[in-house]
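The values are calculated or read from the model by the stated rules, or taken from the named source; none is laboratory data. Computed from a prediction, not measured in an experiment: that's the story for all the values here. Cβ placement follows ideal geometry from the backbone for every residue including glycine, while neighbour counts extend to all protein chains displayed.
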Amino acid sequence: MDQRNNKTVRKLVLIGIGMFGFAFALVPLYDLLCDVTGLNGKTADSAYTYDAAMLVPDKTRLIKVNFITNTNAGMPWEFSAEKGGVRVHPGELKEVNFHVKNTTDRVMVAQAVPSLSPSTAAEFFHKTECFCFTQQLLNPGEELDMPMRFIIGPELPKNIYTISLSYALFDVTDLAARNIPLPYGKVKT
């Protein structure tokens, strides 16, 4: 009987270790899956570099870009785009401001995570500056206007007329305090 119990305990320990390993690897595996398949419409993690002299807007096309903002559960900040959307010619540099306000009585750090739809447009949507590249630290009651500059590549497929860029704002105060690296940037103070 003891031998069977020992064998069962060993199996349970191995299963527990396997589950922990799988949970630890889940985020990098998900990111890899999104990169390979284009799922989730993830935009680039770093600023797009461009030569302003080489930008030639395609005036024959006009793309509607919608902005959607939301806060994750437990994130009490106010978060909104200055406009619900803009129209832009492919190859044209455009800037839109987003507004946040820390409505709490404590210092907090936030991180915005972008998602783009349709996912096939993600590789043509280039951010030259974005608040999502850094974490935002705000004091109690503090407000901030954050710019996001982007260019839609002229090679965007002709059948795409509308793009939706969504940002989810997360409370990362505890992670930032413990210096735990996050996949989207450094604290901006």
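Structure above, values below:
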item: Residues (assigned to a strand (DSSP E or B) and basic (Lys, Arg)) located in the stretch 85-130; result: Arg87, Lys94, Lys101, Lys127
item: Some residue of the stretch 131-142 being within 20 Å of Val65 (Cα to Cα), in contact with a Lys or Arg (Cβ under 7 Å, 6 or more places away or on another chain), of a type in the set (Ser, Thr, Tyr) and in contact (Cβ under 8 Å) with a residue 12 or more places away in the chain; result: no
item: Residue within the stretch 143-164 that is of a type in the set (Ser, Thr, Tyr) and under 12 Å from Ala112 (Cα atoms) present; result: no
item: Among (1) farther than 17 Å from Ala176 by Cα; (2) part of a strand (DSSP E or B); (3) out of contact with any Cys (no Cβ under 8 Å at 6 or more places or on another chain), the one test that Leu137 misses; result: (1)
item: Residue identified as more than 30 Å from Lys59 (Cα to Cα), in the same structural domain as Thr60 (by TED's automatic domain parsing), touching a Phe, Trp or Tyr at 6+ places or on another chain (Cβ under 9 Å) and among the charged types (D, E, K, R) among Lys127, Lys101, Lys83, Lys94; result: Lys101
